[in-house]
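Since every read-out is calculated from the coordinates, none of them should be taken as a lab result. Every value quoted in this text rests on a predicted model; they were computed, and no experiment measured them. Note that each Cβ is placed from the backbone with ideal geometry, even for glycine, and that neighbours are counted across all protein chains shown.
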Amino acid sequence: MALSHAKSEPMDTPGEASDFDPVNLESSIIQLCLQFPNGVSDKILENSFRSVAMQQRVSALNRLLSLNKIDLLKSSAEPGTFLYRIRDTTNGLGSSITVAGGAIDQMERVVYQLVKESGNLGIWMRDIRIKTKLSQTILTKTLKSLESKKLIKAVKSVHASKKNVYMLYEMTPDPTITGGTWYSDHEFEAEFVRVLNEQCARLLDERLEEATTKFPNDPFLRRTSSLMSSVDLVALINEMGIATVSLTVQDIESILYTLISDGKVEKTTVATTTNNETGSRQSLYRSVRSMLDSSPVVRNPCGICPVFKDCHDDGLITPKTCIYLNKWLNF
């Protein structure tokens, strides 16, 4: 959208008076918008109404938006900038546009575009308010209108169960928003994770037993025969019907990582002739059994803790509540 050049000095408008009542202020804003048919930015409004408090100016703009007298648009010339423009009433839709088969006005279009840009991560209502400067009431009404037209949807985040993020209606939320496989109704499925942990360990133990029985006198073959890929493990787990959803290789590898951290499993990466999700490499896992009990000092969980850097006395992760550290201290 081409914008007229805004003068840096104050314009000669009625806005210079400090005793504006709401009606006069709204009328002056409309007159200013008529001078700039391509749209008026916040900077122009601020220079034109310097003696008017920002809150009073925002209230007047929100009222004009709610009365459908002006539209809120995104500037194509200045990314991240919004413009206020007199609503075009020459067509039957009152400056409405069509998105996904439904007619929406310019204010809804701006909100819709912000939601669309957020992708499958969604956007918080607070961020929409900051970017559009719409009041809570008008923004809530706009969001509900878009939801009723099934253009956007509200999704609860596991990071803040009482708040919603907004994304396009047909979008599948990112696992970081819903918690992925390990969350159900925004609650962590600790029992489900425990069962998967036990089943993965059992399958690897059985493969080790088979290899030991088959190659009792050949350490090399015994070791290579005890290896299993995460692809094989996820296929076996899915066949068991433990989960109501189909688990992925990434899901099983996250479970295997906990077994590695517990010292029950080791991981080996080998080259393959076929390309997969990790390129030409493949991760293989095997159950490990120590011939001798290691020293308690060696088994200190802090040495292999993946969140060691985030562990503080007054943080969310703290030594006082660490179950692994407390278990180690009881040796």
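Between segment 123-144 and segment 21-62, the C-alpha centres lie 20 angstrom from each other. Fully extending the segment from Asn300 to Ser261 would add 12.9 nm, taking 0.36 nm per residue of separation and subtracting the current Cα-Cα distance.
Measuring from label point to label point, each 7 Å out along Cα→Cβ, what is the Leu34 to Glu198 span in nm? Placing both labels 7 Å beyond Cα along the Cβ direction yields 7.8 nm.
A simple spin-label model places the labels of Thr244 and Ala190 2.0 nm from each other, with each point 7 Å out along Cα-to-Cβ.
For segment 229-272, the residues whose backbone nitrogen is under 20 Å from a point 7 Å from the Cα of Lys327, taken along Cα to Cβ, are 252-267.
Relative to the Cα centre, what is the charge dipole magnitude of segment 95-175, using +1 at the beta carbon of each Lys and Arg, -1 at the beta carbon of each Asp and Glu, and rounding to the nearest 20 debye? Let's see the in-between values first.
Working: 14 positive and 7 negative charges, 66 e Å.
Dipole of segment 95-175, to the nearest 20 debye: 320 debye.
An ellipsoid equivalent to segment 190-287, defined through the eigenvalues of its Cα gyration tensor, has semi-axes of 22, 18, 12 Å when rounded to whole angstrom and sorted largest first.
Could you compute the net charge surrounding Asn197? Neighbours are other residues with a C-beta less than 14 Å from the C-beta of Asn197; K and R count +1, D and E count -1. Neighbour charge sum, excluding Asn197 itself: -4.
Projected onto its three principal axes, the C-alpha set of segment 95-175 covers 38, 26, 19 Å, listed from the longest axis down. Highest mean first, the peptides 261-272, 224-235 sorted by other C-beta atoms within 10 Å per residue fall in the order 224-235, 261-272.
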